[in-house]
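One structure, as structure tokens, below. Some questions next.
The values are calculated or read from the model by the stated rules, or taken from the named source; none is laboratory data. Here the structure is a predicted model, which means the values were calculated and not measured. Here the Cβ positions follow ideal geometry from the backbone for every residue, glycine too, while neighbour counts run over all protein chains shown. The protein model used for the area step is the full one, side chains on, heavy atoms only, and it has no ligands, DNA or RNA in it. Shrake-Rupley method; radii C 1.70, N 1.55, O 1.52, S 1.80 Å.
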Amino acid sequence: MTNPSRLGVVGVFFAVLLSVLGLRLWSMQVTNANAYEERAANQQVKVVNTPAPRGDIISADGVKLAGTRSALAIVVDLALIDEDDIPALAENLAAFLDESASDIVEQLSGSNRGAQVRIATDISSSQATFILEHRDDFPGVAVIPQPVRTYPLGDLAAHVLGYIGRPNEEDLLRDDVKPNDFVGRAGVERSYDVVLQGAEGIIQYQVDARRKVLSLSAEAPPTSGNSLVLTIDSKLQAQLQDSLRDGLIQARSLEMKERDVELSETTRTQRIEDALVEARAEALEILAEELEEQTSDLGVDDNDVEPDVGPVTVDVAKVLGPLSPLLPIDSNGVCVPVQRVSIPIEGTGILSGVQQRVVRFESVRAEGDDFVATISLSGERSNVKRNGWVDEAREVLQVLHVSEDEIILLHKDRWCPVRATGVVIDPNDGSVLAMSSFPTYDPTVFVDGLSDDQWATLSTVSAFQNFAVQGQYAPASTFKVVPYVLALEESYYPIDRGSGDKVIDVAEDDSEEVQQLPLLSDTDGYFCGGEFRFPLNDGTFQTKRDWKWPGSLGVLDLHGALEASCDLYFWDLALRLWHERFDDSGIDKENLLQSWARSFGFGTSTGIDLPFERSGLIPDSTWFKDEQRKGTGRVRPDGGWVGGDLMDIAVGQGAVLVTPLQLANGFAAMVNGGTVWKPRVVSQVIDSEGNVVETNPRAIVSRVNLDERTVRLLLQDLQQVVNNQKRGTARGAFKNFGPNVELVGGKTGTGEIIKNDERFRQVDDALFVGVAPINRPKWVVSVIIERGGFGGEVAAPVARQVLQFLLNGPESVTVLAPGLAAD
């Protein structure tokens, strides 16, 4: 073919090709334009994040305490719907889920545009199928896999585990937290939240231009978080919780028995009559004085005037104190520390008690930013505000909350035992083996959604707080181990004041007649009986009495003083420190006791891997002056730091505060030879395959240089507190311990909360710290029963059960029974 022919054929070919292409383009742009627009629209993609399962929390003995199960959740992607469509969608979802449409609207409208809002968790497969089959009725709705937190053993170790919840504003500052996430709110769920959080997955959907989901185009599963291995032993934890619960029940039972005994001796009627006679006598005395002044001015003989005081009244609740029939009780007639009563406007509420009372919420008015409620109680009207008392003198009925439509009252019994807290630690590495407070809670309630009633019930008794690290208590006589160690390490002992009352005269330092010498060794005897009277700065005397007063503990050396818990011995030691604070020894004796206390970790947080730990308090003159300057009300407004303040520290009273964990950890340092460990509840972090990702090794906070003799003698004396059948203050609690009781030691304590007066019986916290085996300590157990009474009677039996479990096995644990009423 010639070249011109070839070129013609090629030209015809390209002309045909261009014609076909042009026809195709015309067809695409004109004939099939709508079809291609629709196909392009159908190629839009939407990505939905799927939450990751949190890591498990496993006990030291391999029991899963917190885990995750898979569920299906309904999620609304606000990026896929218009705001105008929210009400209709909410109506459809409400009808489908049998919930309130307004609540769903509130959820959706209160979230950011583009957010993914979880409306329902744990729906059934049939519900999920219905949603998917009726997409047109549920625009923007997706069904996604949802990990649900589980706590298989309910309230076991709840205060260690903590709970999860929606993030607050502070949490949302984290890059890894979104508004719809769950984060740890307490316990290790909080302190190890980043570790437990996993990596989100994605589900990729194909959506059209109207943002309707057409199909699933891709999926990447989430990665679960790492898991925690605790130092907690699940079986020991269960025993501790059972013992604390039973200990609180026993304490309340003992309180009711004591009230019955008091009423059998003097009835309520007789007590009221006696109070009326006393009130009338006082009124007559006052009136007589007034008449004497008046008649003397008029020159009239007051014997010719018959005084008439008229009728007198008394506050029955104040006269009767813990015997009042108005205090709250449960259905069995046993005291309860607080009853929460919620009353709607113009409604009534019932206050429990031997004599029930009816409260009516009559009206409310605004006053500034607050509300003032008018209530009637037993026919008497009162105007009350939030946090006020219906009758301040009685301190029985407190106003928690007032609003336009509701008032909430707290009906209180301040004598009723309120709480039990305990800790078990290993003194050789700081591992926490068990920890609990009672009342407690089941963390599952936060997963399912806490109802208002549940929140009210649990928060009223502070069930969510971990009092083992957050509760601060006067350590009372358990703290006597600190001046005990000081005495041995510093060879420093009290003054020998002979037998009888100990009256410290201001002339003591100058008068040879009254001058007395200090004891020279830990085996020198000291008479532990009578009263201890010493002068104050204003010239008056203060009197302190041993817990055994008016009885006597007899002559005791340092070791006997610890075993029998002699207050006078340690008071006298502290007072000697005070009197010698300006001597030429070069030792800061005014702060020597505090220095020893702080060396064992008291007064500072332990650093445990749990949130919200309190630091306790070891007071001194600097702290005292600062509190006075701030006007906190925690110290005397006038005067300075005095020897009596130092004496209070020596017996764990006054302003001294410790947490149950500090108490256990301080004892641990003393019995292990001086090592202060940093307590821990997590030992390892592992991945989903069980591989160790990270360890939480034991850590030493400090070392105290203790003489071996000091440690040996302390262990011997702690053993005698339990085993000495003549003077050991815990001997009654451990009398039926069984085998190995000789391997148990401890120290009792009774912390004064409300002092005795003419009518009000003293209220005390009951404390005990146990150590075992005493020849080579492996466990330290601290127990505190708030308002429980004597440490030897109430707290020691609780620790006894725990130590029976540890030394002799679970089958050896005997029924809880009260010990001796000993400090």
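From (1) more than 25 Å from the chain's Cα centre (by Cα); (2) open to solvent by 10 Å² or more (accessible area, probe 1.4 Å); (3) at pLDDT 95 or above; (4) farther than 23 Å from PRO439 by Cα, pick out the condition that doesn't hold for ARG761.
(3)
Kindly indicate which of VAL482, VAL469 is farther than 27 Å from ILE587 by Cβ and either surrounded by 20 or more Cβ atoms within 10 Å (Cβ to Cβ) or of a type in the set (S, T, N, Q) (or both). I'd like the intermediate steps shown before the answer.
On the way: VAL482 fails: farther than 27 Å from ILE587 by Cβ.
The unique qualifying residue is VAL469.
Evaluate the following for VAL364: is it surrounded by 14 or more Cβ atoms within 10 Å (Cβ to Cβ) and at pLDDT below 90?
Values: surrounded by 14 or more Cβ atoms within 10 Å (Cβ to Cβ): yes; at pLDDT below 90: no.
No: the conditions fail for VAL364.
Still on this model: Kindly list, by first and then second residue, each pair from a residue in region 251-270 that is touching a residue at least 40 places away in the same chain (Cβ under 8 Å) to a residue that is open to solvent by less than 80 Å² (accessible area, probe 1.4 Å) and among the polar types (S, T, N, Q), limited to pairs with Cβ atoms under 9 Å and residues at least 6 apart or on different chains.
Filtered contacts from region 251-270: ARG268/SER324.
Identify all residues within region 706-730 that are over 15 Å from ASP557 (Cα atoms), touching a residue at least 24 places away in the same chain (Cβ under 8 Å), part of a loop (DSSP other than H, G, I, E, B) and open to solvent by 60 Å² or more (accessible area, probe 1.4 Å); write none if there are none.
Once the filter is applied, which keeps residues that are over 15 Å from ASP557 (Cα atoms), touching a residue at least 24 places away in the same chain (Cβ under 8 Å), part of a loop (DSSP other than H, G, I, E, B) and open to solvent by 60 Å² or more (accessible area, probe 1.4 Å), region 706-730 yields only ASP707.
Right, SER585: open to solvent by 40 Å² or more (accessible area, probe 1.4 Å) and either over 18 Å from VAL656 (Cβ atoms) or within 34 Å of the chain's Cα centre (by Cα) (or both) or not? Talk me through it step by step, then tell me what you get.
Numbers: open to solvent by 40 Å² or more (accessible area, probe 1.4 Å): yes; either over 18 Å from VAL656 (Cβ atoms) or within 34 Å of the chain's Cα centre (by Cα) (or both): yes.
Yes, satisfied.
With the requirement that a residue be hydrophobic (A, V, I, L, M, F, W, C) and either more than 27 Å from the chain's Cα centre (by Cα) or part of a loop (DSSP other than H, G, I, E, B) (or both), what does region 599-649 give you?
PHE600, PHE602, ILE608, LEU610, PHE612, ILE618, VAL635, TRP641, VAL642, LEU646, MET647 - these are the residues of region 599-649 that are hydrophobic (A, V, I, L, M, F, W, C) and either more than 27 Å from the chain's Cα centre (by Cα) or part of a loop (DSSP other than H, G, I, E, B) (or both).
Is it the case, given these coordinates, that LYS678 is among the basic types (Lys, Arg), within 26 Å of ASP567 (Cα to Cα) and touching a residue at least 40 places away in the same chain (Cβ under 8 Å)? Give the steps one after another, and end with the answer.
Numbers: among the basic types (Lys, Arg): yes; within 26 Å of ASP567 (Cα to Cα): no; touching a residue at least 40 places away in the same chain (Cβ under 8 Å): yes.
No; evaluated as a whole, the condition is false for this residue.
Ok, one more. Could you check how many residues of region 770-805 are under 20 Å from GLU742 (Cα atoms), open to solvent by 30 Å² or more (accessible area, probe 1.4 Å) and either touching a Cys at 6+ places or on another chain (Cβ under 7 Å) or not in a strand (DSSP E or B) (or both)?
The number of residues fulfilling the criteria is 5.
Another question about this same structure. I need a count of the residues in region 165-185 that are open to solvent by 10 Å² or more (accessible area, probe 1.4 Å), closer than 29 Å to PRO439 by Cα and among the hydrophobic types (A, V, I, L, M, F, W, C).
1
What residue, among those in region 508-534 that are modelled with pLDDT under 85 and open to solvent by less than 40 Å² (accessible area, probe 1.4 Å), is nearest to GLY654 (Cα to Cα)? Write out each step before concluding.
Taking region 508-534 first, the residues modelled with pLDDT under 85 are 508-516, 530, 534.
Among the residues that remain, those that are also open to solvent by less than 40 Å² (accessible area, probe 1.4 Å) are: 508, 511, 530, 534.
Numbers: GLU508: 26, SER511: 31, GLY530: 21, PHE534: 17 Å.
By that ranking, first place goes to PHE534.
So which residues in region 303-325 are out of contact with any Asp or Glu (no Cβ under 9 Å at 6 or more places or on another chain), at pLDDT 85 or above, open to solvent by less than 30 Å² (accessible area, probe 1.4 Å) and in a loop (DSSP other than H, G, I, E, B), if there are any at all?
The answer is PRO325, and nothing else.
In addition: Inspect all residues belonging to region 370-383 and state whether any of them is assigned to a loop (DSSP other than H, G, I, E, B) and more than 30 Å from GLY247 (Cβ to Cβ).
Taking region 370-383 as the starting set, the residues that turn out to be assigned to a loop (DSSP other than H, G, I, E, B) are 378-379.
Narrowing further to those that are more than 30 Å from GLY247 (Cβ to Cβ): 378-379.
Yes, the conditions are met somewhere in region 370-383.
Please work out if VAL359 is in the same structural domain as ILE408 (by TED's automatic domain parsing) and open to solvent by 20 Å² or more (accessible area, probe 1.4 Å).
no
Separate question: Pick from LEU568, LEU575, LEU610, LEU556: which is within 28 Å of GLY471 (Cβ to Cβ), buried (at least 18 other Cβ atoms within 10 Å of the Cβ) and not charged (D, E, K, R)? Give the steps one after another, and end with the answer.
Working: LEU568 fails: within 28 Å of GLY471 (Cβ to Cβ); LEU575 fails: within 28 Å of GLY471 (Cβ to Cβ); LEU556 fails: within 28 Å of GLY471 (Cβ to Cβ).
Sole residue among the options that is within 28 Å of GLY471 (Cβ to Cβ), buried (at least 18 other Cβ atoms within 10 Å of the Cβ) and not charged (D, E, K, R): LEU610.
Could you grab me the full set of residues in region 681-705 that are out of contact with any strand residue (DSSP E or B) (no Cβ under 8 Å at 6 or more places or on another chain) and touching a residue at least 12 places away in the same chain (Cβ under 8 Å)?
Within region 681-705, the subset out of contact with any strand residue (DSSP E or B) (no Cβ under 8 Å at 6 or more places or on another chain) is 689-691, 697, 705.
Correct list: ASN705 only.
Just checking, does region 134-144 include any residue being open to solvent by 60 Å² or more (accessible area, probe 1.4 Å), assigned to a helix (DSSP H, G or I) and at pLDDT 85 or above?
Yes - at least one qualifying residue is present in region 134-144.
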